[in-house]
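The values are calculated or read from the model by the stated rules, or taken from the named source; none is laboratory data. Small disclaimer: the values here were computed from a predicted structure and weren't measured. Cβ placement follows ideal geometry from the backbone for every residue including glycine, while neighbour counts extend to all protein chains displayed. These accessible areas exclude ligands, DNA and RNA; they are computed on the full protein's heavy atoms, side chains included. Shrake-Rupley method; radii C 1.70, N 1.55, O 1.52, S 1.80 Å.
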Protein chains: 2
Amino acid sequence: MALDLGPLDSHMGYLLRRAQLAVFADILPSLAEHDVSPADYAVLTVIDRNPGAGQSQVAETLGIQKTNFVPLIRRMEARGLVLRTPSARDRRSVALTLTDEGSALLGRLHAAAQAHIDRVRGHLGAAQYDALLEPLQRLASVSRPS
Amino acid sequence: MALDLGPLDSHMGYLLRRAQLAVFADILPSLAEHDVSPADYAVLTVIDRNPGAGQSQVAETLGIQKTNFVPLIRRMEARGLVLRTPSARDRRSVALTLTDEGSALLGRLHAAAQAHIDRVRGHLGAAQYDALLEPLQRLASVSRPS
DNA sequence: GTTTTTGGTTATTGAGGATAACTATTTTCC
DNA sequence: GGAAAATAGTTATCCTCAATAACCAAAAAC
């Protein structure tokens, strides 16, 4: 049924894409239950760890363009997960913080993510899983002017 | 500038996504010079290795839905890269083969891909690069009923 | 104090992937 | 042999992402 992939089966980009899709497919349903996308989850996590950070900082940290970040963060504000308070020292920027509801949701999301991680870790073996993390971090900086 | 990622910085899904985007960003311009997307490149490669295969087989092998595969393969046919010949034994299916022009282009694409692989391999170190391949293949089957 | 840069916004576009519904052929199976 | 189910391909449509351009207000640079 499955055809020969030729050189693709050892092509880093191709393997990364397939692996990423498979891993995302595993966590997606758990997040969707809470009506949250992977990007949403990442944004909540970063705001939680950096309360008061500005929109552009959060967006840039996650590799999201500020222009695409606007509707995303607005939806979260509308859902009551995030507070957007005008910054005192810089009247252009808005400081982002989680509401109590946002914090509570994030807690549930972390639990779901942990179950997902346990599955993937089990599939791969803990040692191999851990060994993967550092090289993947390094790969993320290919093509970036380091 | 960059904020704290919290648990994301060791989250497999997040790292895979960032790594995949970075690696794709590295090869994208080379492919774009030939007006070819990563998906196009994968399709040409698979047809080359499996001449005469049907559309759905190629699509399924690459994880592309047959419905989205139609415009893609039609564009390649229109460009004179691919031949779509009605199969003799199954009059529903079309057999895919590369034209000489498709073969020639694929040769140039493989060369560009090799240069890209060398870059990534250099960035990571050959040993670490090679060590990544197998676990990534395994990851691709998470969430699939093995 | 003018110029430049930065934080945020709007509007718009294009690519990728997903669903539904359909035709024509082949296969299954009673 | 013939009805029913499965398969190969197609069209049309939709939705989510990511990217571009143009803009305002405020701050920083010079």
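Results, tabulated for the structure shown:
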| read-out | value |
| --- | --- |
| Set B:L44, B:L31: member being farther than 30 Å from A:D48 by Cα and touching a Pro at 6+ places or on another chain (Cβ under 9 Å) | B:L31 |
| Test result for B:T99, away from every other protein chain (no Cβ under 14 Å), within 11 Å of DNA strand C (Cβ to nearest atom) and modelled with pLDDT of 95 or more | no |
| Cross-chain or 6+ apart pairs with Cβ under 6 Å, region B:1-12 first and at the interface with another protein chain (Cβ under 7 Å from one of its Cβ atoms), then not in a helix (DSSP H, G or I) | B:L3/A:N50; B:L3/A:A53; B:D4/A:N50 |
| Complete set of residues in region B:76-109 that are in a helix (DSSP H, G or I) and touching a residue at least 24 places away in the same chain (Cβ under 8 Å) | B:M76, B:G102, B:S103, B:L105, B:L106, B:R108, B:L109 |
| Within region B:60-86, tally of residues that are within 12 Å of DNA strand C (Cβ to nearest atom) and surrounded by fewer than 12 Cβ atoms within 10 Å (Cβ to Cβ) | 5 |
| Qualifying residue in region B:128-145 (condition: among the acidic types (D, E) and outside any helix (DSSP H, G or I)) | no |
| Checking A:V120 against (1) facing chain B (nearest Cβ under 8 Å); (2) touching a Phe, Trp or Tyr at 6+ places or on another chain (Cβ under 9 Å); (3) within 10 Å of DNA strand C (Cβ to nearest atom), the condition it does not meet | (3) |
| Extreme residue, farthest from the other protein chains (Cβ to nearest Cβ), among residues of region B:25-37 that are open to solvent by less than 40 Å² (accessible area, probe 1.4 Å) and closer than 30 Å to A:V58 by Cα | B:I27 |
| Check on B:R74, within 10 Å of another protein chain (Cβ to nearest Cβ), out of contact with any Ser or Thr (no Cβ under 9 Å at 6 or more places or on another chain) and of a type in the set (K, R) | no |
| Members of region A:81-130 found to be among the charged types (D, E, K, R) and out of contact with any helix residue (DSSP H, G or I) (no Cβ under 7 Å at 6 or more places or on another chain), listed by number | A:R89, A:D90, A:R91, A:R92, A:D100, A:E101, A:R108, A:D118, A:D130 |
| Filtered residues of region B:42-59 (kept if touching a Phe, Trp or Tyr at 6+ places or on another chain (Cβ under 9 Å), open to solvent by 10 Å² or more (accessible area, probe 1.4 Å) and of a type outside the set (G, A, S)) | B:Q55 |
| Residue that is nearest to B:R138 (Cα to Cα), among those in region A:113-125 that are open to solvent by 20 Å² or more (accessible area, probe 1.4 Å) and part of a helix (DSSP H, G or I) | A:H123 |
| Residues located in region A:87-112, provided they are surrounded by 12 or more Cβ atoms within 10 Å (Cβ to Cβ) and not aliphatic (A, V, I, L, M) | A:S87, A:S93, A:T97, A:T99, A:E101, A:G102, A:S103, A:R108, A:H110 |
| Residue in region B:86-104 that is of a type in the set (G, A, S), under 17 Å from the mean Cα position of the chain (by Cα) and away from DNA strand D (no atom under 16 Å from the Cβ) present | yes |
